[in-house]
Amino acid sequence: MSVPDYMQCAEDHQTVLVVVQPMGIVPEDQFFRIYKRIASVSQVSIRDSQRVLFIRYRHHYPPENNEWGDFQTHRKVVGLISVTSCTTTKEWPQTSDRFHGQKEVFGSTLYDSRLLVFGLQGEVAEQQRTDVAFYPSYDDCPDVEKRVEDFVESIFIVLESKRLDRATDKSGDKIQLLCVPFEKKDFVGLDTDSRHYKKRCQGRMRKHVGDLCLQAGMLQDALVHYHMAVELLRSVNDFLWLGAALEGLCSASVIFHYPGARKPGVSSAADAGKRHRPGQCSALTTNGISADTSTEIGRAKNCLSQEDIIEKYKEAISYYGKYKSAGVIELEACIKAVRVLAIQKRAMEASEFLQNAVYINLGQLSEEEKIQRYSVLSELYELIGFHRKSAFFKRVAAMQCVAPTIPEPGWKACYKLLLETLPGYSLSLDPKDFSKGTHRGWAAVQLRLLHELVYASRRMGNPGLSVRHLSFLLQTMLDFLSDQEKKEVTQSLENYTSKCPGGMEVISLPDGLKLPPVPFTKLPIVFSLSPLTVKALKVRIQLNAFRSLCIYTVCCFSFMCVCVCVCVADFQWVQGDVCEVQLMVYNPMPFELRVENMGLLTSGVDFESLPAALSLPAESGLYPVTLVGVPRTAGNITINGYHTSVFGVSSDCLLEGLVGVKSSGCMVEVVPSLPRLQLCTSLPRSAHLSSEDLSTSVSLQLFNGETQQLTITLENIGTETLNTLELTSKNLSTKEKLFGEFLTWDLQDALSHLPLKSGQSVSIPVNISAKLDFSGQENLLHDLNDDGISVTGLPVSSPLRQVLKPRAENKPVGSDASKNEFNHVKTLEAVLTFKYSGGAGQVEGYSRELSLGVRVDVEPSVFFTRVSTLPATSTRQCHLLLDVFNSTEHELTLSAKNNQDLVLHASECQRYTHTHTHGLLLHWRYVTPSLWLIEVSRLSDGIT
């Protein structure tokens with residue numbers, strides 16, 4: 001026997017074999033429709049008996065296997081059902097002859113046969129025949145199952161008669177020696193009268209009767225016969241038949257211990273989807289097997305225990321191994337033992353049987369037989385939980401489908417088998433399974449398998465599948481690729497996508513498997529995504545705003561629907577304005593990465609994404625990328641991710657699938673449209689103030705006491721009309737003592753130009769004045785003498801004479817040290833805020849703010865270092881003496897009313913004399929060294 005039946009199981013020993021074959025030209029789909037209906041009659045309860053006959057159907061059975069029917073009766077074809085199409089009466093004779101020809105193939109073992117004829121009507125079809133059934137069509141055959149049951153009962157009658165005939169003890173009759181095909185030539189010339197020969201004949205016949213009893217539903221008798229056969233055959237060292245008797249004993253014991261167990265759903269490549277196994281039976285109630293516990297106890301004496309079953313299987317297989325021609329029997333026995341061990345959940349022992357099955361030599365096998373053998377080994381390893389071993393043999397079967405010796409390689413079958421190996425290697429076609437936790441499985445083996453999937457799909461002529469699998473390889477196995485492999489994979493991907501670009505659609509395979517899309521979330525790797533507020537255009541809400549930090553929303557796309565946690569931004573975007581989102585990305589590739597068509601994925605409002613293209617250097621590190629878009633309607637917009645096009649593959653990358661991004665989305669409120677102002681100044685821009693978030697900033701330098709005008713121009717660059725405008729200022733210099741207003745303006749002229757339409761502008765002048773206190777340099781000031789006026793502003797005892805007494809400890813005013821002290825610079829900072837509104841946003845209570853930072857560096861200018869008085873020639877006059885110091889690096893002119901000008905060079909100190917009338921009472925009030933206030937009162941009229 002050269003063709004193994006990989007579907008064999010221990011329960012098959014109690015079945016009778018019926019072959020169902022098409023005859024002539026029969027549509028394949030119609031034949032298998034009838035075949036399934038026939039196979040549904042898997043067991044038949046025999047009339048007037050408690051026994052049940054189990055039937056095993058095959059639509060293809062090698063005739064050479066039928067020759068082993070005496071060795072194991074369940075291998076013998078005892079029934080034949082032929083299915084044919086016959087439309088005219090003229091075709092009937094030829095059809096009948098064909099049926100007789102089919103019966104001759106299995107004629108020596110057939111118990112009965114039936115012919116099902118479809119399409120023939122008329123006189124011939126009206127004839128009543130037991131072996132032929134006529135039906136008008138394949139759709140009009142209601143009693144097929146009933147005819148099959150009658151057919152099975154006729155088989156049972158023949159089976160029972162043969163059992164009784166063989167089981168009857170006929171003393172004195174010579175017992176026939178049953179042989180397997182390869183033994184017939186070995187027994188020629190043997191002494192048939194020897195005791196050894198007779199025991200051999202008796203042992204083999206007992207084993208044969210045990211098979212018939214098991215098929216006829218007499219389990220008790222079968223166990224007895226098997227035990228007797230084992231004793232007889234062991235005594236004469238008839239190892240081949242001894243193994244068969246032990247296997248029969250194991251099968252009967254398995255049926256006893258596991259009455260409800262049928263063969264697991266393991267199918268061969270040749271019969272996949274087209275073969276139906278006998279149905280399950282909950283309990284055996286045949287002759288000798290009833291619910292009576294007394295009979296159960298009696299039967300258990302001859303039944304093997306669950307442990308002994310496996311030991312006897314091992315013994316039987318060892319005997320089969322002694323015969324080269326019994327390789328198929330040995331292989332099938334291993335498979336049966338594995339299935340029993342699978343029921344007993346003894347995986348390690350089952351793996352030993354399978355390992356033995358791998359090395360059984362069956363001679364020259366065809367490529368199809370090799371594929372079937374490896375496939376069944378794979379399924380058996382899967383049955384006992386050895387998933388990786390199962391995947392290995394299935395992959396070997398896949399490679400066998402495209403072996404060089406096959407004229408027409410089966411790339412579709414190869415691809416299908418490769419897909420079935422993925423779970424065994426901890427692989428999934430869903431990239432989401434690789435974004436959680438650590439990597440599972442052997443990356444090197446997984447890479448090899450994915451490359452084979454890519455190649456097989458290309459040879460199938462499906463470039464879309466090749467692109468999908470190669471994209472999956474690049475996305476999930478990027479960390480395990482060398483630099484050279486990364487270059488080779490990306491080059492291959494670009495070659496494939498030049499013919500068939502990759503996208504985000506779900507690919508459906510013919511067998512119903514769906515390949516999910518593979519977004520390139522690692523090309524580039526995104527570590528953060530955050531929407532940006534437009535710094536030049538803050539939005540302020542007058543109405544009550546929501547304050548929740550996290551909300552739940554459902555984001556639906558064409559390929560998935562997910563529930564995510566979305567964070568809410570603390571700022572707003574404006575309808576119709578360009579909005580920005582910043583990403584921090586990283587290029588993990590060892591070469592420049594070009595990313596095209598990169599834009600935002602949003603939901604909630606109508607959003608126009610403006611795609612960008614970027615080129616990232618090799619292993620660039622964190623690289624900022626800004627994506628922009630325009631919201632066209634108001635509402636809440638949720639940023640769900642971004643889309644890219646890399647190596648010809650378009651990807652929609654959701655934030656929930658990014659390892660480096662914690663949030664699953666970000667929500668920003670889009671307010672109704674508002675006007676938009678652009679600010680320009682008469683001074684050049686400068687760096688922003690460190691403590692404020694400003695639209696723009698200006699800086700200038702002033703001397704203490706100097707005033708300069710700043711002109712601010714506001715232009716409406718939006719589409720809405722500006723209706724309201726407000727201007728406020730905030731002084732940031734809280735440590736400096738400031739005299740007077742720092743910033744002053746008049747807004748009336750600007751307000752008169754409102755409403756300001758799109759494209760129009762308005763100018764606002766702002767005066768900047770710097771009046772600071774530089775009194776921190778008191779060490780440079782000289783006190784007056786006791787008769788004079790001190791710099792602290794204290795009154796003197798006598799106004800008629802003041803004598804200056806210079807202090808020796810004071811430094812000379814013109815020294816270098818004092819010059820450096822006078823060059824101290826102080827800083828004033830302030831913020832001008834423009835608040836404006838208009839359009840639909842104004843109706844909803846929204847406004848915008850524009851802020852301008854002003855920084856002024858104030859340098860000291862003129863210091864009055866000493867003040868004193870001297871009597872003049874007239875008693876009604878006196879001289880006011882002022883020591884004036886120029887602390888700047890420029891030449892200054894000091895002017896006073898009714899006096900000549902005084903010119904001071906850089907860092908020069910001069911005395912300035914001013915003549916006063918004694919009729920005036922001078923009141924000196926010290927403010928700063930550079931600022932003295934003099935109050936003058938007339939004594940004659942008391943007018944101040």
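The values are calculated or read from the model by the stated rules, or taken from the named source; none is laboratory data. Note that the structure is a prediction, hence the values are computed from the model and not measured. Reconstructed Cβ throughout: ideal geometry from the backbone, glycine too, with neighbour counts over all protein chains shown. What goes into the accessible areas is simple: the full protein's heavy atoms, side chains included, and nothing from ligands, DNA or RNA. Shrake-Rupley method; radii C 1.70, N 1.55, O 1.52, S 1.80 Å.
Can you give me the long-range amide H partners of Val766? Hydrogens built in the peptide plane at 1.01 Å from N, cutoff under 5 Å, separation of 5 or more residues or another chain.
Distant-sequence amide H within range of Val766: Leu710, Thr711, Ile712.
How far apart, in nanometres, would the label points at Asp140 and Glu307 be if each is projected 7 angstrom from Cα along the Cα-to-Cβ direction?
The answer from the label model is 6.5 nm.
For a 27 Å ceiling on Cα separation, which of these pairs sit above it: Lys36/Lys207; Lys487/Lys522; Lys76/Lys370; Lys76/Lys207? Mind dumping the intermediate values first?
Details: Lys36/Lys207 33 Å; Lys487/Lys522 15 Å; Lys76/Lys370 25 Å; Lys76/Lys207 15 Å.
Where the Cα-Cα span goes over 27 Å, the pairs concerned are Lys36/Lys207.
Taking 7 Å along the Cα-to-C-beta vector as the label spot, tell me the Ser615-Ser482 distance in nanometres, rounded to one decimal.
Result for the modelled spin labels: 2.9 nm.
What FRET efficiency do you get for Lys36 and Thr89 if R0 is 35 Å and r is their Cβ-Cβ distance, rounded to the nearest 0.05?
Efficiency, rounded to the nearest 0.05: 0.75.
Leaving out ligands, DNA and RNA, what percent of the accessible area of region 352-515 is carbon and sulfur, probe 1.4 Å?
Carbon and sulfur atoms account for 51 percent of the accessible area of region 352-515.
Please check which bits of region 735-754 a label hung off Ser682 would reach, taking the label as a point 7 Å along Cα-to-C-beta and the cut-off as backbone N under 16 Å.
Those under the cut-off are 743-747, 749-750.
At q = 0.14, 0.19, 0.21 Å⁻¹, work out log10 I(q)/I(0) for region 352-515 with the Debye formula, treating every Cα as an identical point scatterer and leaving solvent out; two decimals please.
Evaluating at q = 0.14, 0.19, 0.21 Å⁻¹ gives log10 I(q)/I(0) of -0.78, -1.29, -1.45.
For region 338-348, what does the Karplus curve 6.51 cos²θ - 1.76 cosθ + 1.60, with θ = phi - 60°, yield as ³J(HN,Hα) per residue in whole Hz, taken in order and with x for Gly and Pro?
For region 338-348, the Karplus curve yields 4, 5, 5, 5, 5, 5, 7, 6, 10, 5, 5 Hz.
So if R0 is 25 Å, what FRET efficiency would Thr724 and Glu608 give, r being the distance between their Cβ atoms, rounded to the nearest 0.05?
The computed FRET efficiency comes out at 0.30.
Would you mind calculating the gained length between Lys735 and Asp193 on full extension (0.36 nm times residue separation, minus the Cα-Cα distance), in nm to one decimal?
182.0 nm
Leaving ligands, DNA and RNA out of it, rank Met23, Met460 by accessible area with a 1.4 Å probe, largest first.
Output order, biggest surface exposure first: Met460, Met23.
Taking the Cβ of Asn462 as the center, what net charge do the other residues with Cβ under 11 Å away carry, scoring Lys and Arg +1 and Asp and Glu -1?
+4
Per residue, how large is the accessible surface of region 352-515? Use a 1.4 angstrom probe and give square angstrom. Before the final figure, lay out each step's value.
Values: 8290 Å² over 164 residues.
Ligands and nucleic acids excluded, the figure is 51 Å² per residue.
Take every Cα pair under 8 Å in region 10-168 that's 6+ residues apart, average their separations, divide by the length, and report that relative contact order as a whole percent.
About 25 percent, as a whole number.
So how much slack lies between Ser874 and Glu592, counting 0.36 nm per residue of separation and subtracting their Cα-Cα distance, in nm?
So the extension gain works out to 92.2 nm.
Suppose R0 equals 30 Å; then what is the FRET efficiency for Glu367 and Gln121 from their Cβ-Cβ distance, rounded to the nearest 0.05?
Working: r = 45 Å, r/R0 = 1.50.
Efficiency at R0 = 30 Å is approximately 0.10.
If the chain between Leu513 and Asp570 were fully stretched, how many nm would it gain, using 0.36 nm times the residue separation less the Cα-Cα distance?
16.0 nm
Which order do peptides 888-895, 726-733, 64-71 fall in by mean Cβ count within 10 Å, highest first?
Taking the mean over residues of other Cβ atoms within 10 Å, the ranking is 64-71, 726-733, 888-895.
How do 336-344, 81-89 rank on mean C-beta neighbours within 10 Å, highest first? Don't skip to the end; give the middle numbers.
Numbers: 336-344: 22.6, 81-89: 19.1.
Packing proxy ranking, top to bottom: 336-344, 81-89.
Would you kindly derive the ³J(HN,Hα) couplings of region 764-769 from the backbone phi angles with the Karplus curve 6.51 cos²θ - 1.76 cosθ + 1.60 (θ = phi - 60°), listing them in order in whole Hz, with x for Gly and Pro?
10, x, 10, 8, 10, 10
Per residue, how much space in cubic angstrom lies within the convex hull of the C-alpha atoms of region 10-168? Kindly include the intermediate steps, with their values, before the conclusion.
Details: hull volume 20.2 nm³, N = 159.
Once divided by residue count, the hull of region 10-168 is 127 Å³.
In nm, to one decimal, how far is the Val659 label point from the Asp48 one, both placed 7 Å along Cα→Cβ?
It is 7.7 nm.
Considering amide H positions built from the backbone, and no H for Pro or chain starts, which residues 5 or more places from Leu115, or on another chain, come under 5 Å of its amide H?
So Leu115 has HN proximity to Ser82, Val132, Ala133.
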